[in-house]
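Undergrad: I am attaching a structure below and will ask some questions about it afterwards.
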Amino acid sequence: LIKHYKTARKVIAALRRRAARNPKQYFSVDIEEGIVDPETRKAADEGVRVLLVLGISDKPGRAYVFAVDHPENDTSERNRRRVKSLLKKFLEDPAIKKSMHYGVSDSLGVQGLIGAKVRGYSFDTNYSTYLKWPAQKAYGLDEQSRVRVPEFSGYKEMIKPYLNPKAPNFATIPLRIMKLYNGGDSDLTIRLTDMTLDKKGPLLNTYVKVAYVLKRMESTGPYFDHKWYDKVVYLVPQKLESTFARL
C-alpha cells in the first residue's frame, strides 16, 4: 500500500525502468471508485465520485496499491495531488504496455476522475480468456479465480461485510481490505495476462477498440437488434453448411 508521494515516485521509477528494459513487458492496472462527501471526504450516499485506489502489478505475486482519495488516506491534499500526477503520467505513457480486465470501464473511469487518458492499453484479460477458453459460462475475475487460479478463489467475498447491498459504495470499505482486494485484482490480471498472452493479435485488438463503441451505446452493453438477429440465425447456419461442404 502506497500513500506518500516519495514512495510512489520510487515505485513508479522502478516500474518505468523495468518497462524500458523489456518493451514487451505488460503491467496490469485496476481501479476502485467510490462516492464521498466533498467537504468531509467521508463515504456518503450522495457526493462526488472519486478514485479510491489504483493498483499496478508487474509480475505474479506482487502488486502496488496506490491510495488516492480513499477516506482513510490521511495525507495532505498536495500529497494526493502529486501522487495522482505520477499515476496520470504512467497511464498516459504509450511506451508502457497495460493489461486490464474489461479495461474500457477502468480507462474511462480514470479519464473522468483524474483526467488521465490511458495509452498503451492493448491487452484485455476479459477478452483474452474468452478467446482461449470460449466454453466458459462467465469471464469475471471472480469466475476466473475459481476456475483458473484457485488459490485466489473466493477473494472477492472479503468486501461484502462492508457494503450496503442496496446501495453499494466502495468508499465504505476499509483501506486495509481495499489493499488486499485491489491488489488481488491487479495480481490476478497479470497472471491471466501471462496465461493467455498467446492470444494477443488482431482479434483481441479489435475487441478492445470496439468495447469503447459498445460502452457508449448503452451502459450495460449494446442494444439488441432483433431484426438483424433473426437474419443472422437464419443465414449463418446456411453459410456454415455450404462452407463445410466445400471443406
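Undergrad: Quick check on this structure: which one of 186, 153 is without any contact (Cβ under 8 Å) to a residue 12 or more places away in the chain, open to solvent by less than 70 Å² (accessible area, probe 1.4 Å) and of a type outside the set (Asp, Glu)?
TA: Answer to the check: 153.
Undergrad: What number of residues in region 52-103 are of a type outside the set (Phe, Trp, Tyr), under 29 Å from residue 21 (Cβ atoms) and in contact with a helix residue (DSSP H, G or I) (Cβ under 9 Å, 6 or more places away or on another chain)?
TA: Going through region 52-103 one residue at a time, the tally reaches 32.
Undergrad: I would also like to ask the following. Would you check which residues across region 16-34 are of a type in the set (A, V, I, L, M) and either surrounded by fewer than 16 Cβ atoms within 10 Å (Cβ to Cβ) or under 18 Å from the mean Cα position of the chain (by Cα) (or both) and list them?
TA: 20, 29, 31
Undergrad: OK, next. Filter region 35-60 for residues that are small (Gly, Ala, Ser) and in a loop (DSSP other than H, G, I, E, B); which is least open to solvent (accessible area, probe 1.4 Å)?
TA: Per the criteria, the residue is 44.
Undergrad: Oh, and also: Within region 178-200, which residues are modelled with pLDDT under 95 and touching a Lys or Arg at 6+ places or on another chain (Cβ under 6 Å)?
TA: 199, the sole residue that qualifies.
Undergrad: From the list 235, 247, 204, pick out the single residue that is open to solvent by less than 70 Å² (accessible area, probe 1.4 Å) and either in contact with a helix residue (DSSP H, G or I) (Cβ under 8 Å, 6 or more places away or on another chain) or more than 27 Å from residue 104 (Cα to Cα) (or both).
TA: Of 235, 247, 204, the one residue that is open to solvent by less than 70 Å² (accessible area, probe 1.4 Å) and either in contact with a helix residue (DSSP H, G or I) (Cβ under 8 Å, 6 or more places away or on another chain) or more than 27 Å from residue 104 (Cα to Cα) (or both) is 204.
Undergrad: Given the residues 131, 52, which is the only one that is out of contact with any Pro (no Cβ under 6 Å at 6 or more places or on another chain) and over 20 Å from residue 204 (Cβ atoms)?
TA: Exactly one residue qualifies, and that residue is 52.
Undergrad: Name every residue in region 156-176 that is assigned to a helix (DSSP H, G or I) and open to solvent by less than 20 Å² (accessible area, probe 1.4 Å), in order of residue number.
TA: 159, 171, 175
Undergrad: With (1) out of contact with any strand residue (DSSP E or B) (no Cβ under 6 Å at 6 or more places or on another chain); (2) part of a helix (DSSP H, G or I); (3) surrounded by 15 or more Cβ atoms within 10 Å (Cβ to Cβ) as the list, and residue 139 as the residue in question, which single condition is left unmet?
TA: Evaluating residue 139 over (1) out of contact with any strand residue (DSSP E or B) (no Cβ under 6 Å at 6 or more places or on another chain); (2) part of a helix (DSSP H, G or I); (3) surrounded by 15 or more Cβ atoms within 10 Å (Cβ to Cβ) leaves (2) as the failure.
The values are calculated or read from the model by the stated rules, or taken from the named source; none is laboratory data. What you see is a predicted model, and the numbers here were worked out from it, not measured in a lab. No Cβ is skipped: glycine too gets one built from the backbone with ideal geometry, and neighbour counts run over all protein chains shown. Side chains are part of the model used for accessible areas, which takes the heavy atoms of the whole protein and leaves out ligands, DNA and RNA. Shrake-Rupley method; radii C 1.70, N 1.55, O 1.52, S 1.80 Å.
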